[in-house]
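Here's the structure we're looking at; comments come further down.
The values are calculated or read from the model by the stated rules, or taken from the named source; none is laboratory data. Being a predicted model, the structure only gives us computed values, none of them experimental. So basically every Cβ, Gly included, is an ideal-geometry build from the backbone, and we count neighbours across all protein chains shown. Just so you know, the surface numbers come from the protein's heavy atoms only, side chains and all, with ligands and any DNA or RNA stripped out. Shrake-Rupley method; radii C 1.70, N 1.55, O 1.52, S 1.80 Å.
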Amino acid sequence: MFERLEPVVPDPILGLMAAYRADPDPRKVDLGIGVDRDEHGETPVLASVRQAENALLSRQTTKAYVGPAGNAGFNQAIEQLVLGAAHPALTAGRVRSVQTPGGCGALRLGAELIRAVAPHAVVHVSTPTWANHAPLLSGSGLKLERYPYHDPATGGVQFGAMMQALEALPLRAVVLLHASCHNPTGADLSHPQWREVLALVKRRQLLPFIDMAYQGLGDGLEADAFGLRLFCAELPEVLFAVSCSKNFGLYRERTGSLHLVSESTAAADAAFTQLVRIARGIWSMPPDHGAAIVHAILAEPALARQWGDEVDAMRWRIQGLRHDVLQQLQQHCPQRDFSFIATQRGMFSFLGISTAQVRALREHHHVYMTDDSRMNIAGLRGENLEYFARAVAQVLG
Ligand SMILES: Cc1ncc(COP(=O)(O)O)c(C=O)c1O
């Protein structure tokens with residue numbers, strides 16, 4: 001059987017990671033994979049995470065199974081973090097949550113639930129969207145289609161075209177939205193735009209599936225949840241996927257959750273049993289460690305404050321880098337307008353250069369970003385900003 005298997009072309013981001021590691025040049029700059037970095041280019045364990053982890057290890061008495069829905073305390077803490085403690089969907093008992101292996105697990109579980117109810121449903125995703133959305137969502141058997149989103153001319157959202165495309169969708173279609181810090185473009189909806197999309201979603205009875213992977217890294221923990229909170233308050237049904245990989249720095253611990261808002265508590269209860277059934281058939285139970293850490297942090301006010309400060313520091317560093325790299329680019333590439341970099345949010349920006357120019361950056365200047373010119377801003381640091389801007393100037397010619 002295995003002799004019939006053809007090798008798969010490596011995932012471009014993972015291939016880029018390997019090429020970066022193998023490059024011996026000391027000037028190399030990694031703007032590829034989406035992990036946060038500090039001023040030394042490291043991705044350290046957060047102090048709040050370390051503290052919670054130490055306490056957890058010393059008091060943990062068993063490694064017995066937790067259960068397919070995962071850690072109930074974690075699920076509840078994330079509901080409150082994302083929605084806000086007094087959210088009307090929470091007080092009405094309309095939210096159900098399942099802990100998942102990372103945001104990826106949540107996206108897949110959500111897709112499997114949709115397929116179980118509506119096998120021919122189409123999920124509509126932005127152009128472009130995070131590369132892994134396609135295999136995660138279509139792997140469940142759902143079809144994917146695209147709606148316009150990023151405007152290369154301005155670096156912002158092509159809002160008119162997006163609304164026109166969503167307006168034309170069949171009633172009750174599924175629309176995937178990024179809660180904040182859109183990956184890969186960094187272009188987010190404004191608050192008034194979220195309201196306009198909400199009105200359209202109501203009119204067309206669409207099911208929003210919201211991907212929240214960067215809460216706190218755009219404009220803050222509260223501000224980044226604006227659209228998601230609004231949708232969950234105003235709509236009968238919403239699905240949302242949460243990742244703790246970036247804002248808790250728990251990448252390898254595979255920590256996330258899927259949340260379902262339903263019209264009635266009875267429907268929510270039934271849907272929850274379906275989610276548990278599906279999870280049981282894929283990974284059976286999620287890994288415990290990361291969720292136990294997050295729960296320990298959020299359950300202890302002093303630790304939660306410390307974590308909040310660490311998230312603020314991550315966000316401020318990225319915002320500072322956006323500002324500083326823009327200054328360098330303006331100085332070294334005055335013929336080109338990169339001002340969108342400062343207005344975008346989160347780790348990513350599309351630099352808007354050609355694939356040939358991206359490859360020239362890699363080959364001649366040891367600067368690594370994906371071929372579509374998505375760059376992880378957090379991969380820059382004070383000492384390589386000028387080197388980076390000069391390299392871009394050279395490939396632009
Ligand atoms: C948009 C988006 N969604 C979801 C995820 C899920 O991440 P993880 O499975 O590592 O929690 C990521 C990670 O890069 C992402 O960028």
note = Using alpha carbon centers only, the stretch 45-113 is separated from the stretch 156-225 by a whole-angstrom value of 24 Å
ask   = Leaving out ligands, DNA and RNA but keeping every protein chain, what accessible area does Trp316 have, in Å² rounded to the nearest 10, with a 1.4 Å probe?
value = 150 Å²
Within the stretch 97-132, backbone nitrogen closer than 17 Å to the virtual label 7 Å beyond the Cα of Ala266 toward Cβ = none
Angle between the chain longest axis and helix 385-396 axis [Cα atoms, degrees, rounded to 10] = 70 degrees
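Out of every Cα-Cα pair in the stretch 85-234, what percent are more than 26 Å apart? Numbers along the way, then the final one.
On the way: 2349 of 11175 pairs.
Considering the stretch 85-234, 21 percent of its Cα-Cα pairs are separated by more than 26 Å.
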ask   = What percent does the relative contact order of the chain come to when contacts are Cα pairs within less than 8 Å and at least six residues apart?
value = 26 percent
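Starting from the stretch 8-78, pick out the chymotrypsin sites (Phe, Trp or Tyr not before Pro) whose DSSP state is loop and whose Cβ has at most 15 other Cβ atoms within 10 Å. Could you put the intermediate results ahead of the total?
Values: sites: Tyr20, Tyr65, Phe74; in loops: Tyr65.
Sparse-neighbourhood loop chymotrypsin sites (Phe, Trp or Tyr not before Pro): Tyr65.
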key: Percent breakdown of C-alpha pair distances by 5 Å bin, ordered from the shortest bin, for the stretch 281-397   = 2, 11, 16, 18, 13, 8, 9, 9, 8, 5, 1, 0
remark   = Taking Cα atoms only, helix 355-365 is inclined relative to the longest principal axis of the chain by an angle, in degrees rounded to 10, of 60 degrees
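Suppose we take every Cα in the stretch 206-333 and form the convex hull; what volume per residue is that in Å³? Provide the component values of the computation, followed by the final result.
Working: hull volume 20.3 nm³, N = 128.
Cα-based convex hull of the stretch 206-333, divided per residue, equals 159 Å³.
Counting only protein heavy atoms, what percent of the accessible surface of the stretch 246-370 is carbon or sulfur at a 1.4 Å probe? The partial results should precede the final answer.
Details: 2780 of 5420 Å².
Carbon-and-sulfur percentage of accessible area, whole number: 51.
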inquiry  = Given 10 °C and 1.306 mPa s, compute D for the stretch 150-220 with the Stokes-Einstein relation, Rh being the Kirkwood radius over Cα pairs; round to the nearest whole µm²/s.
reply    = 124 µm²/s
ask   = Taking the stretch 26-57, which GluC sites (Glu not before Pro) meet the DSSP loop condition and have no more than 11 other C-beta atoms within 10 Å?
value = Glu39, Glu42
message = Can you pull out the trypsin sites (Lys or Arg not before Pro) in the stretch 38-109 whose DSSP state is coil and whose Cβ has at most 11 other Cβ atoms within 10 Å?
response = Lys63
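What dipole magnitude, in Debye to the nearest 20, does the chain give about its Cα centre under +1 on Lys/Arg Cβ and -1 on Asp/Glu Cβ? Please report the intermediate quantities before stating the final value.
Working: 36 positive and 39 negative charges, 137 e Å.
With Lys and Arg at +1 and Asp and Glu at -1, about 660 debye.
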task = Treat each spin label as a single point 7 Å out from the Cα along the C-beta direction, and report the Trp316 to Val117 distance in nm.
result = 4.3 nm
ask   = What's the extension gain from Thr91 to Thr355 if we count 0.36 nm per residue and subtract their Cα-Cα distance?
value = 90.1 nm
note = Binned at 10 Å starting from 0, the alpha-carbon pair-distance distribution of the chain in whole percents comes out as 5, 22, 31, 26, 13, 3, 0
request  = Could you list the residues of the stretch 10-49 with an amide nitrogen less than 14 Å from a label point located 7 Å from the Cα of Asp371 in the Cα-to-C-beta direction?
outcome  = 10-16
ask   = Which value, in Å², gives the accessible area per residue of the chain when a 1.4 Å probe is used on the protein heavy atoms?
value = 44 Å²
query = Given H placed 1.01 Å from N in the peptide plane, which residues other than close sequence neighbours of Val122 have an amide H under 5 Å from its amide H?
reply = Val174
key: Nonlocal amide H pairs with Gly156, under 5 Å, H built at 1.01 Å   = Asp151
remark   = The ³J(HN,Hα) series, computed from each phi in the stretch 18-33 with the Karplus coefficients 6.51, -1.76 and 1.60 at θ = phi - 60°, rounded to the nearest Hz and given as x for glycine or proline, is 5, 5, 5, 4, 7, 7, x, 5, x, 7, 4, 10, 9, 10, x, 4
